[in-house]
Amino acid sequence: MLDLGLEVLSKGNNMLRLLGGLWVALKISLLSVGISIALGILLGALMTWKNPVTKAILRVYLEFIRIMPQLVLLFLVYFGTTKAFGWDLTGEMAAIIVFVLWGTAEMSDLVRGALISIPRHQYESSEALGLTREQIYFYIIIPQALRRLIPLSINLITRMIKTTSLILMIGVVEILKVAQQIIEANRMSSPNAAFGIYLTVFILYFIACWPISMIAKHLERKWR
Amino acid sequence: MAEPILALKNVTKHFGENTVLDDIDLSVHQGEVIVIVGPSGCGKSTLLRCVNALEPIQGGEIYLNDEKIDIKSKKLANLRQKIGMVFQSYELFPHLTVLENIVLAPTKVQKRKKEEVQQEALALLGRVGLLGKEGSYARQLSGGQKQRVAIVRALCMHPEILLFDEVTAALDPEMVREVLDVMLNLAAQGRTMIIVTHEMQFAKAVADRIIFLDGGKVLEDTKPEVFFEAPKTERARQFLSMFEFNVVKSQVEKVSS
Ligand SMILES: Nc1ncnc2c1ncn2[C@@H]1O[C@H](COP(=O)(O)OP(=O)(O)O)[C@@H](O)[C@H]1O
Ligand SMILES: [Mg+2]
C-alpha cells in the first residue's frame, strides 16, 4: 500500500499541535486585520482630504509597503530593530507589527477607493433633502462605502492568513513550523511523513480560508 | 399681487471666467408652474442648483418667503426641506429600499413619526402607480419608476416649491410619458413648480409662464401661447425652429421606413 505517512498524525497529540499552529497563524492574522481596518479607515479618510502634504506622505507609505516583500519587512522589524534599537520583540509581536503596517496600507487604499467611488450626486441629492453633513455620512455614504469595503477586506484576511507561512522564518511556531517539527521527530520511524503532514497542512489552510472567501463572494453578489 | 414664494434678485453666477447666470431676476408665486427652456449649456441646471444652494452665487440674492438662501447659513438645511428637487440622473440611494429612500429625510430631518410618514409614502406611491414597489431596490426599477420614486421622495418632505431638472432626459421614450403625467397631475393640484425640460409639447401644456434662458440671461418671460406662437426675440425663434426641424425629421423617418 502507498505509504503517505498519515499514521504520524495519530501519534501522540500531533494533530492537536498542528491545529494549535493553525490557531497561531489565525490569531496573528485576525488581530492584525482588526487593527488594520481601524487604522486603514482613518488613513483612507485622510487620503480623500484635499491636503497635498498628507496625501503625498500616505502615498509614499503605501507604495513603499507594496513594493517591499513581506519577508524583508519581517527581517527588518524582527532582527533589524534588535540590533539597531535594542528592542527585544517576540516573533509574534514583530509579525503583528509587520502585518499591521502592510494591512493598514492596503486597507487605507481600499477605504479611499470606496469613498471616492460614491458618486457626487449621492451627496447632492442628500443635501437637497436637507440632510446635514453628519447625517449624509452616517446614513448615505458610510453604509455604501462599507458594502464595497467588506468583501475586499475579507480578501485581505485570506491573503494575510496565507502570508503567515513566512513567519516561521522569524522563529514563530505556527502551523508550518509545527509540521516541520513533527516530520523531523519522526524521520526514522516514518520517513514518508512529509507528504502526509504537508497534505494535512494544505487541507487545514484550505478549511480556514475557503469559508472566508465564500463569505466574500456571497456579500459581493448580494450588494452588487 | 401676493408676495412671491421664491424671488431671485440680480443673481449672478460665475464658473471661473465663465459667467453662467448674468443678473437674473425671477419671481415665482404660489401655485405657479414655471417652465425654463433654452439651449444646452445656457445655465438652466445651474439656476436650479443655485436656488437649492448646491452652488454658491457671486452676486444678487435669493429669497424663499423672505428668508435669504445663503450657502453658509446655519438654517440652510431647514430652507432646503422646503425646496423639493428631482435631478436628471436617477439619484435614489442604492442601499435603501424604495420606502426607506422616501422615509429617511422626513424622519431624520423633520423628526416626524415613522408610521405616519410610511402611511403617507405608501399613499403617494399609489398615486404614481408604484404600490407594491415599496420593498424594491433602485436597481430593480426601470428609469421611469426610479424618477417617480424620486418625485415621491421630494413630495414627502412637504416642500413649498418643487424643482425638476430635465427629469425625463435620460429616459427611454416609452417611459417619458408616465413621468410627465405625474408632473401634470402635480400641476393640476396647484403645486408651485419650476421645470426645466426639452419636451416642448409638455411645456406648452403645463406652464403658466415660460422662461427662455440664453447666454445666462432671461430673454423671454411670458405666457406659453405667446412664447410658442410669437416669440419676441430672434434667439427664441431660432431655438424653437430646432424643435420644428426635429418634428419634421421624425415624420420623414416614419414615412421612409
Ligand atoms: N461645476 C462646474 N464647473 C465649471 N463649469 C460648469 C459647472 N457646471 C456647469 N458649468 C458650465 O456652466 C454652463 C451652464 O451649465 P448648465 O447649467 O449645466 O447648463 P444647462 O443645464 O442649461 O444645459 C455650461 O457652460 C457649463 O459648462
Ligand atoms: Mg442641465
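Looking at B:Thr197, B:Thr192, can you tell me which residue is within 16 Å of ligand 1 (Cβ to nearest atom) and of a type in the set (Ser, Thr, Tyr)?
Of B:Thr197, B:Thr192, the one residue that is within 16 Å of ligand 1 (Cβ to nearest atom) and of a type in the set (Ser, Thr, Tyr) is B:Thr197.
Inspect the range B:190-201 for any residue being over 25 Å from A:Ser125 (Cα atoms) and either of a type in the set (A, V, I, L, M, F, W, C) or in contact (Cβ under 8 Å) with a residue 40 or more places away in the chain (or both) and give the result as yes or no.
The answer is yes, given that some residue of the range B:190-201 is over 25 Å from A:Ser125 (Cα atoms) and either of a type in the set (A, V, I, L, M, F, W, C) or in contact (Cβ under 8 Å) with a residue 40 or more places away in the chain (or both).
Buried (at least 18 other Cβ atoms within 10 Å of the Cβ), more than 16 Å from ligand 1 (Cβ to nearest atom) and away from chain A (no Cβ under 14 Å): does that describe B:Glu115?
no
What's the total number of residues in the range B:152-176 that are over 11 Å from the mean Cα position of the chain (by Cα) and under 13 Å from B:Thr197 (Cα atoms)?
Summing the residues that are over 11 Å from the mean Cα position of the chain (by Cα) and under 13 Å from B:Thr197 (Cα atoms) in the range B:152-176 gives 4.
Select from the range A:88-109 the residues that are aliphatic (A, V, I, L, M) and either at pLDDT 90 or above or over 21 Å from the mean Cα position of the chain (by Cα) (or both) and list them in ascending order.
Hits for the range A:88-109 are A:Met93, A:Ala94, A:Ala95, A:Ile96, A:Ile97, A:Val98, A:Val100, A:Leu101, A:Ala105, A:Met107.
Please specify each residue of the range A:160-207 satisfying the condition of being exposed (fewer than 15 other Cβ atoms within 10 Å of the Cβ) and under 15 Å from the mean Cα position of the chain (by Cα).
Residue satisfying the conditions is A:Lys162 alone.
Within 14 Å of chain A (Cβ to nearest Cβ), assigned to a helix (DSSP H, G or I), within 20 Å of A:Ser126 (Cβ to Cβ) and modelled with pLDDT of 95 or more: which single residue out of B:Arg153, B:Arg139 fits that description?
Just a single option satisfies the conditions, and that option is B:Arg153.
If the requirement is being closer than 18 Å to B:Leu6 by Cβ, at pLDDT below 95 and basic (Lys, Arg), which of these qualifies: B:Arg127, B:Arg80?
Going through B:Arg127, B:Arg80 in turn, just one is closer than 18 Å to B:Leu6 by Cβ, at pLDDT below 95 and basic (Lys, Arg): B:Arg80.
I need the full set of residues from the range B:50-63 which are crowded, with 20+ Cβ neighbours inside 10 Å and in contact with an Asp or Glu (Cβ under 9 Å, 6 or more places away or on another chain), in order please.
Once the filter is applied, which keeps residues that are crowded, with 20+ Cβ neighbours inside 10 Å and in contact with an Asp or Glu (Cβ under 9 Å, 6 or more places away or on another chain), the range B:50-63 yields B:Asn52, B:Ala53, B:Ile62.
Give me the pairs, please: first residue somewhere in the range B:122-149 and under 19 Å from B:Gly84 (Cβ atoms), second residue anywhere and of a type in the set (S, T, N, Q), beta-carbon distance under 6 Å, and either six or more positions apart or on two chains.
Final answer for the pair search is none.
Given the criterion modelled with pLDDT under 95 and within 20 Å of the chain's Cα centre (by Cα), identify the matching residue among B:Phe239, B:Phe212, B:Phe227.
B:Phe227
Taking the conditions exactly as written (more than 20 Å from A:Ile141 (Cβ to Cβ), among the β-branched types (Val, Ile, Thr), touching a helix residue (DSSP H, G or I) at 6+ places or on another chain (Cβ under 8 Å) and buried (at least 18 other Cβ atoms within 10 Å of the Cβ)), does B:Val109 satisfy them or not?
Taking the combined requirement at face value, the residue does not satisfy it.
Residues of the range B:72-92 being under 19 Å from B:Tyr137 (Cβ atoms) and surrounded by fewer than 20 Cβ atoms within 10 Å (Cβ to Cβ), which ones?
Hit for the range B:72-92 is B:Ser89, nothing else.
As an exercise: evaluate A:Leu76 against (1) surrounded by fewer than 18 Cβ atoms within 10 Å (Cβ to Cβ); (2) at pLDDT 85 or above; (3) among the aliphatic types (A, V, I, L, M); (4) under 30 Å from A:Phe195 (Cα atoms) and give the number of the one condition it does not meet.
A:Leu76 satisfies all of (1) surrounded by fewer than 18 Cβ atoms within 10 Å (Cβ to Cβ); (2) at pLDDT 85 or above; (3) among the aliphatic types (A, V, I, L, M); (4) under 30 Å from A:Phe195 (Cα atoms) except (4).
Go through the range B:1-41 residue by residue and tally those that are within 9 Å of ligand 1 (Cβ to nearest atom), over 20 Å from B:Lys204 (Cα atoms) and hydrophobic (A, V, I, L, M, F, W, C).
3
For the range B:156-199, give me the residue count where each residue is within 16 Å of ligand 2 (Cβ to nearest atom), of a type in the set (Asp, Glu) and within 14 Å of another protein chain (Cβ to nearest Cβ).
Number satisfying all stated conditions: 2.
Tell me, which strands (runs of 3 or more DSSP E) wholly within the range B:12-130 include 3 or more residues that are over 28 Å from A:Arg147 (Cβ atoms), within 16 Å of ligand 2 (Cβ to nearest atom) and more than 15 Å from the chain's Cα centre (by Cα)?
Qualifying strands (runs of 3 or more DSSP E): B:18-28.
The values are calculated or read from the model by the stated rules, or taken from the named source; none is laboratory data. This structure is a prediction, so every number in the text was calculated from the model and none was measured. Quick reminder, even Gly has a Cβ in these numbers, built from the backbone with ideal geometry, and neighbours come from all protein chains shown.
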